[in-house]
Structures are given as structure tokens and as C-alpha cells.
Ligand SMILES: [Zn+2]
């Protein structure tokens, strides 16, 4: 099959497009003919090297959508030709973490395109229990930009931060995949959304998704002051963080006492300093979050099928242009998500 892969870690230049061995499914696995695969910052981190063992040559791509091409001998409930989406997180399904909808705490938790070969190729193999049927409500490229970002945003907001209707949330990065998913989920949960972005154009698109207030972080780097200005002196109940170093201090300063800061990433850098007095006096919660449970993904897919929330696809690239797509990820000159189609 044709695919995009790397033999050593490094920048976009290590990506190659060419022949790879055809994968075949094990007894409880499914071979998916890939139609589209979403891009994520995780793809760049995996390519650059995370210090963990991954199969080499490595195929990235966590968000796989396509059709069933072949079934392992023990697989039931799926047929060749079914339209499917692969749940990006794979877990054992039987341990106490899996039984309590905490899949990403499973000792055997693996991510598609990270510990497993991913979807930047014509075919991808996945555990049958993680191959979920989808409708034709959205195009393959649109479906392919949903699972990782909606799952992560749902787990952060609903499970970790225990978001309640009527609360106010600061969502960073309206133009990012995760930010555009979070804005939509917050509105679905009945919350007020303040969001940040680096341009007026992105803020206008965020408004169209339902954001109540937009702050341009380039013209307002001390954005917490702007948060309190638009909220008439109040702060937010929850901050949805994935930026890290560049935003951390102002994010904490944006919260009212009792606020919860939930975070899933550090795209601007992982090292922060904090005045601990500020944390205990204001009784803040700081909540780490990683991926989510398949049951949570299924809740998101129901909302997508119903059109309550929608995929935010900026551009779909042909598979052979995966390198150009990954270079564009870094440039951030797009709204929502990028995908490749096969
Ligand atoms: Zn488990």
C-alpha cells in the first residue's frame, strides 16, 4: 500500500511517501480502508519523538475514517463495506479503569498513530471493539476531524471539570481543533463562552460557533483584564487550557474563587511558574486531562450525527501532501482542523 511514514524522528523533512507492506488484521482486529485521517499536534510530537517506543517505520495519524476492508476471524457485528470511524484510544476494556469509564488511565492504553500504526496510509488496522459505525451525515474528511478533539474536549469539560449549565468558561484558541470543539460543547451544555484567538477573522468564526465574547490575545496579551471587562468585573468558573506556558498566569487570573483550570496540552511550552498563595487562597482546582473514554466518544458521535455540533474542517489535503499539511499545522493560519484524504 501507499503511505506516509518516517524512519527516524525529526522535522517535516523525515516524512516519506511510498510503498509500505500491506497490513493484515489479527483475529480480533479490523482492516480499515482509509478514506480520510485528521491531523493533530500529537502527530508532530510523535514525529519529533516523545521518548517512548513506537513501531518503525512509523505511520502517524490518530483520527481514521473509512470502510471495513477485512475482518479478523473472531470479529462479529461488522461487515465488509461498513462506513466506520476508529476510536483513537485503545484500552483493555476489562480493568477497573476501563469499567469506570476512565479508559485513558488503563495500563494498556494505546493511541492510534502513536503506539499503533496510524491512518496516513491506504489501510489501517484497529482493534474491532474500537471500530465504530457512522452514517453519511458528514463527509469522510469531516468525520475524520472529530474523534480526538471532541473526545478530549468532552472529557475535559464534562468529566474532569464537571461543567454545569449556567457556568462561564474561558476557551483558549478558538481557531484550534480542540478550541472549536470546546466552544460548541460548552454551548450545548448551556454555558457562557469567552474565547481567545489571534485575529479578528478567527473571533468572528468563533462567534458563529456560539462564543459569546471574543478576545484577541495579540492586542490583549494580559487577556485576564479583558475577561473581567467583558464579564462586568467577574471572572470565569472554568478555564479550558491547552496552550500552557504563554497563557498559564493570565488563565489563573481569569478565574473567580473556586475556579477550575482544566488542561490537556502545552503547545507553547511545558514549564510554568505559579504563586501558590494565589492557588490556596482562591481555592482553585488544577485538573490534568488526557484523551477520554470510548463511552464519551460515543456521546460526541451522537451529537455529531444529530447535527448539534459539527466538524470544523478547514482544508483536506491529498495523502501524498501530508508533509505540507503538517507544516501548515505549525503555521496556525487556518480555522478548526486539517485532514488528509486517501
Ligand atoms: Zn483497561
Among rounded, prolate and oblate, which fits region 277-342 when a ≥ b ≥ c are the square roots of the eigenvalues of its C-alpha gyration tensor, a/c under 1.5 means rounded, and a/b larger than b/c means prolate? oblate
Per DSSP helix of 4 or more residues, -39500 (n - 2.57); summed, then divided by the residues of the chain. What does that give at 222 nm, rounded to the nearest 500? -7000 deg cm²/dmol
Between helix 177-188 and the chain, what is the angle of the helix's C-alpha long axis to the longest principal axis, kept within 0 to 90° and rounded to the nearest 10? 60
Pull out a ≥ b ≥ c, the square roots of the eigenvalues of the alpha-carbon gyration tensor of region 8-103, then state rounded if a/c is under 1.5, prolate if not and a/b is larger than b/c, and oblate in the remaining case. oblate
Among 112, 90, what is the fewest-to-most ranking by other Cβ atoms within 10 Å? 90, 112
Final fewest-first order of 315, 322, 100 on the 10 Å Cβ neighbour count is 100, 315, 322
Roughly how far apart, in whole Å, are the Cα centres of region 295-342 and region 1-67? 16
Please work out whether region 150-288 counts as rounded, prolate or oblate from its C-alpha gyration tensor, where a ≥ b ≥ c are the square roots of the eigenvalues and a/c under 1.5 means rounded, while otherwise a/b larger than b/c means prolate and anything else oblate? rounded
For Cα pairs less than 8 Å apart in space and 6+ apart in sequence, what is the mean separation divided by the residue count of the chain, i.e. the relative contact order in percent? 19
Do you know the relative contact order of region 126-284, to the nearest whole percent, from alpha carbon pairs under 8 angstrom that are 6+ apart? 18
What full-extension length gain, to one decimal in nm, is calculated for residue 308 and residue 286 as 0.36 nm per residue of separation minus the Cα-Cα distance? 5.0 nm
Order by neighbour count: 274, 156, 291, fewest other Cβ atoms within 10 Å first, most last. 274, 291, 156
Once the convex hull of the alpha carbons of the chain is built, what does its volume come to per residue, in cubic angstrom? 130
Would you mind telling me which residue in 229, 207, 320 has the biggest mean-square fluctuation in a Gaussian network model of the chain, where springs connect alpha carbons within a distance under 10 angstrom? 229
Roughly what angle does helix 200-209 make with the longest principal axis of the chain, taking Cα atoms, 0 to 90 degrees, to the nearest 10? 80
If you fit an axis through the alpha-carbon atoms of helix 294-306 and take the longest principal axis of the Cα set of the chain, what angle between them do you get, 0 to 90°, nearest 10? 80
Under the 0.36 nm per residue contour assumption, what length would be gained going from the current alpha-carbon distance of residue 321 and residue 162 to full extension? 53.2 nm
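Quick note: the coordinates plus some simple rules give every number you see, no bench work behind them. These numbers were taken from a predicted model, which means no experiment stands behind them. Heads up, the Cβs are rebuilt from the backbone with ideal geometry, glycines too, and the neighbour counts pull from every protein chain shown.
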